[in-house]
Amino acid sequence: MEKLQLDILIQYIWKFMNRILLVGNANSGKTSIFNSLTGLNQKVGNFHGVTVSYKIGKLKDRKEIEIIDLPGSYSLNSVGEDKKVLTRFLMNREKTDKVLFVLDGSQLERSLQFYFQIRDLGIQTTIAITMIDILEKSNISIDLKKLQKALGTKIYLVNSKKGIGIEELKLGILDEKNFSEYKKNWSWDKKRENFISKILKKISSEDENYTNFVLTNSLKELSGDNIQKEVPSLNIFEAEIQNFIKKEFFKSKLNFSYQNEILEKAKSIKKILSEVLISNSELRNKLDLDIIFLHPIFGKLIFFSLMFLIFQILFNFSEIPMNFIKSIFENLERFSEEILPKGPLQNLISSGILNGVGAVFVFIPQITFLFLMIGFLEESGYLSRILFLMDKFMGRFGLSGKSFVPLLSSSACAVPAILSTRTIENKSEKIITILISPLVTCSARYPVYILIIGTVFSDKTFFGLISLKGIILFSLFALGILTALGFAILFKKYFFKSENSYFLIELPEYRIPNFKNLFLYVYQNIKDFLLNSGKIIFFVSILLWFLANFPNPKNLNKVNVNETYIAYLGKSIEPIINPLGFDWKIGVGIIASFAAREVMVSSIAILYETDKDDTDNLSEKLKKDKKENGEFVWTTKTGISLLLFYAFASQCFSTLAVARKELNSIFWTIFLFSYMTLLAFTTSFIFYQLTELIK
């Protein structure tokens with residue numbers, strides 16, 4: 001009976017209440033709450049006209065309730081593109097929208113500054129306080145009743161990591177009564193308040209709260225502040241009212257700048273916190289790991305040592321899961337051969353699709369581990385330290401710490417890395433960052449790198465632990481970073497001679513990563529990789545199978561690949577790539593990988609799948625391949641030349657498409673493709689020809 005009454009109540013409430021907007025500072029635990037409330041029942045959307053994304057999900061067990069996770073921010077006046085769209089979204093919200101504001105319990109004063117801005121919009125609001133475990137470790141507790149009374153709204157204490165308070169929060173947001181109406185939590189000094197009251201009396205309005213908000217923004221604008229065009233200000237009023245406000249403002253000689261507003265809010269916040277925070281003992285100093293991690297020398301050594309360790313693990317501990325995935329596809333190939341009659345269809349499925357797709361998917365363990373490490377660094381709070389540490393270092397290359405965010409993100413994928421440049425306000429710095437981000441080793445390169453390194457380098461180890469292959473893989477990562485920074489200097493010197501921008505970042509507390517968030521981060525990225533790359537690999541595998549088996553095959557299990565369409569195509573470009581040490585089969589792989597780099601592996605797998613009785617794995621087949629003159633194709637120098645080519649070549653349509661959208665320039669997109677391709681060809685050519693001279 002009680003459940004029935006609750007359902008009736010919820011149905012009634014949601015006639016008037018459609019969406020809950022999740023708002024808060026960056027790194028406040030907002031996404032953890034979103035994940036806890038929605039689980040996997042979520043998707044990523046984009047704001048109209050921009051590349052800024054947001055998450056939208058349905059409340060668990062209440063799928064009629066929509067929750068939108070808006071970009072984290074510290075103010076409605078921020079100038080980054082992601083912050084602007086947050087402001088724009090809030091300004092154009094639905095009347096029935098409610099806000100669940102996430103307060104960072106470890107940074108209450110800063111969080112309340114932003115909360116007061118949101119409250120001034122007049123939106124119905126409730127609060128979830130996160131990071132309560134950090135407060136507990138500091139022997140600090142919150143008098144919840146006093147804080148609720150001071151802010152005039154319902155408050156929930158939440159620890160998403162342990163699931164504390166989540167159920168109470170879920171039930172609470174179902175009831176509209178827990179979203180309080182507007183209450184102003186701060187005020188100007190007496191002179192300014194009297195001035196605002198005087199102006200408001202002259203303005204007739206149905207919504208006094210909104211008018212007050214617009215008037216405050218107008219006074220900031222008149223005080224010399226730059227107001228976002230998304231924020232309503234002086235131009236909203238009729239000309240007569242505008243003139244009246246201007247006249248009274250200049251007559252009063254008062255200042256309503258944003259800086260003064262922050263100071264006035266700070267007074268109110270300090271007063272509230274002094275009454276609600278209970279310290280059981282003196283605030284303990286946190287374990288100051290920053291002395292080590294932010295050291296100008298040791299900090300960088302620790303970071304690069306950590307990256308070195310990650311690449312060692314990629315090679316040394318992934319063999320078992322790789323063999324497991326490989327066995328799955330081998331069994332699928334055998335199964336397809338058993339149940340299907342011999343002929344083109346059987347050969348297409350076993351030698352084309354399963355062989356081509358399986359050759360790339362076998363590297364999923366390494367890519368999963370890479371995403372896991374990136375998520376771990378971010379969740380722990382260490383990633384912010386890296387950005388801070390690299391700010392001064394990046395300044396030597398004409399960039400700021402903001403540019404290191406996309407560069408580090410590129411180690412996963414250049415597409416989201418380029419999208420993240422929207423937070424860079426300096427246009428020149430943004431363009432430079434987009435132009436150099438694709439040089440950093442991304443996850444799509446790893447299947448290619450691992451195949452080549454596994455083929456041309458030995459299993460030699462140093463001290464029984466450090467593998468040569470791991471060193472080579474780390475060297476390619478370092479090469480990508482250093483090359484990107486080198487080109488940043490060139491672009492800054494010759495193309496973009498603007499002032500350097502400033503980088504401000506708040507260092508979050510160190511914390512044990514939330515494993516649920518880590519799982520969702522890895523799951524989403526691997527899912528995107530499989531869906532996006534999988535589609536390309538699937539269709540390219542079919543095309544390559546056709547080209548590698550036709551024209552007019554008499555026996556698809558005994559095809560002479562040298563007499564197929566793909567051989568004609570490869571041999572037509574062989575004179576161009578031969579000076580780089582590549583034969584026509586490698587040339588086919590290079591051409592195919594311009595759709596997506598990882599397609600190179602499936603292309604090579606299909607080309608070398610000519611004898612169904614050959615049980616060697618792909619690397620072993622490559623090692624045995626010989627040229628017509630009897631020389632081996634896959635030598636160490638050829639392998640290094642090919643690694644250099646893939647390290648620098650622009651081989652990703654998705655990256656170019658996103659770069660075109662972000663740069664809003666066909667010229668710079670063509671320039672990006674051209675300089676990277678030329679760099680790849682030239683580097684490989686010089687290396688291979690030099691090794692030929694000294695052999």
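When you check S428 against the structure, is it open to solvent by less than 10 Å² (accessible area, probe 1.4 Å) and out of contact with any Leu (no Cβ under 6 Å at 6 or more places or on another chain), yes or no?
no
Enumerate the helices (runs of 4 or more DSSP H) found wholly within segment 85-162, keeping only those where 3 or more residues are open to solvent by less than 20 Å² (accessible area, probe 1.4 Å) and farther than 19 Å from S274 by Cα.
Filter on segment 85-162 gives 108-120.
Would you mention how many residues in segment 266-291 are modelled with pLDDT under 60 and polar (S, T, N, Q)?
Residues meeting the conditions: 3.
If only one of I353, I367 is among the hydrophobic types (A, V, I, L, M, F, W, C) and within 17 Å of F550 (Cβ to Cβ), which one is it?
Values: I367 fails: within 17 Å of F550 (Cβ to Cβ).
Only one candidate qualifies: I353.
Can you find, within segment 190-225, the residue that is farthest from M91 (Cα to Cα) among those that are open to solvent by 50 Å² or more (accessible area, probe 1.4 Å) and touching a residue at least 24 places away in the same chain (Cβ under 8 Å)?
Residue satisfying both the conditions and the ranking: K191.
Return the pair list, or none, for Cβ contacts closer than 7 Å from residues in segment 445-459 that are closer than 15 Å to F529 by Cβ to residues that are modelled with pLDDT of 90 or more, at least 6 apart or on different chains.
Correct list of pairs: R445/Y646; V448/Y646.
Looking at segment 589-612, is at least one residue closer than 26 Å to I432 by Cα, aliphatic (A, V, I, L, M), open to solvent by less than 70 Å² (accessible area, probe 1.4 Å) and assigned to a loop (DSSP other than H, G, I, E, B)?
yes
For segment 515-533: of the residues being at pLDDT 75 or above and open to solvent by less than 50 Å² (accessible area, probe 1.4 Å), which is farthest from Q366 (Cα to Cα)?
Looking at residues that are at pLDDT 75 or above and open to solvent by less than 50 Å² (accessible area, probe 1.4 Å), I get N517.
For segment 39-84, please list each of the strands (runs of 3 or more DSSP E) lying entirely inside it that holds at least 1 residues being modelled with pLDDT of 55 or more.
It comes to 53-59, 62-69.
Can you name the residue in segment 246-262 that is in a loop (DSSP other than H, G, I, E, B) and of a type in the set (A, V, I, L, M, F, W, C) and, of all such residues, is nearest to S75 (Cα to Cα)?
My answer is F256.
Filter segment 471-486 for residues that are closer than 15 Å to F648 by Cβ and open to solvent by less than 40 Å² (accessible area, probe 1.4 Å) and give the result.
L476, F477, A478, G480, I481, T483, A484, L485, G486
For segment 229-250, enumerate the residues that are farther than 18 Å from N212 by Cβ and in contact (Cβ under 8 Å) with a residue 60 or more places away in the chain.
Result: E230, single match.
With respect to N243, determine if the residue is outside any helix (DSSP H, G or I) and either of a type in the set (K, R) or more than 29 Å from Q124 (Cβ to Cβ) (or both).
no
Name the pairs: first residue in segment 515-536 and more than 10 Å from L372 (Cα to Cα) and touching a residue at least 12 places away in the same chain (Cβ under 8 Å), second residue of a type in the set (G, A, S) and assigned to a helix (DSSP H, G or I), Cβ to Cβ under 8 Å, at least 6 apart or on different chains?
Going by the 8 Å Cβ cut-off, the qualifying pairs are K516/S32; K516/S36; N517/S32; N517/G375; N532/S654.
Give segment 199-257 a look and list any residue that's of a type in the set (S, T, Y) and either modelled with pLDDT of 80 or more or touching a helix residue (DSSP H, G or I) at 6+ places or on another chain (Cβ under 7 Å) (or both), or say none. Explain how you work it out, then say what you get.
Filtering segment 199-257 down to residues of a type in the set (S, T, Y) leaves 204-205, 210-211, 216, 218, 223, 233, 252, 257.
If the condition is that a residue be of a type in the set (S, T, Y) and either modelled with pLDDT of 80 or more or touching a helix residue (DSSP H, G or I) at 6+ places or on another chain (Cβ under 7 Å) (or both), then S205, T211, T216, S218, S223, S233, S252, S257 are the ones that fit.
How many residues, within segment 647-666, are assigned to a helix (DSSP H, G or I), hydrophobic (A, V, I, L, M, F, W, C), under 26 Å from I576 (Cα atoms) and modelled with pLDDT under 90?
Within segment 647-666, residues that are assigned to a helix (DSSP H, G or I), hydrophobic (A, V, I, L, M, F, W, C), under 26 Å from I576 (Cα atoms) and modelled with pLDDT under 90 number 2.
Which of the numbered conditions does P579 fail, given that it passes all the others? Conditions: (1) surrounded by 22 or more Cβ atoms within 10 Å (Cβ to Cβ); (2) modelled with pLDDT of 85 or more.
It fails just one condition, (1).
Please name all residue pairs, on different chains or six or more residues apart, with Cβ atoms under 7 Å, provided the first residue is in segment 667-693 and is within 20 Å of F582 (Cβ to Cβ) and in contact (Cβ under 8 Å) with a residue 12 or more places away in the chain and the second residue is surrounded by 13 or more Cβ atoms within 10 Å (Cβ to Cβ) and among the β-branched types (V, I, T).
Close Cβ pairs satisfying both conditions: F687/I640.
Output the residues belonging to segment 226-265 that are surrounded by 15 or more Cβ atoms within 10 Å (Cβ to Cβ), within 34 Å of the chain's Cα centre (by Cα) and not β-branched (V, I, T).
Q228, E230, P232, S233, Y258, E261, K265
Filter segment 170-205 down to the residues that are outside any helix (DSSP H, G or I), over 35 Å from the mean Cα position of the chain (by Cα) and among the charged types (D, E, K, R) and list them by number.
Selection gives E181, K183, K184, D189.
Of all residues in segment 651-695, which are of a type in the set (D, E, K, R) and over 29 Å from L531 (Cβ atoms)?
Of everything in segment 651-695, those that are of a type in the set (D, E, K, R) and over 29 Å from L531 (Cβ atoms) turn out to be E692, K695.
The values are calculated or read from the model by the stated rules, or taken from the named source; none is laboratory data. All of these numbers come straight from a predicted model, not from anything done at the bench. All Cβ positions, even for glycine, are placed from backbone atoms using ideal geometry, and neighbour counts span all protein chains on display. When the accessible area is computed, the model is the full protein with side chains, heavy atoms only, and any ligands, DNA or RNA have been set aside. Shrake-Rupley method; radii C 1.70, N 1.55, O 1.52, S 1.80 Å.
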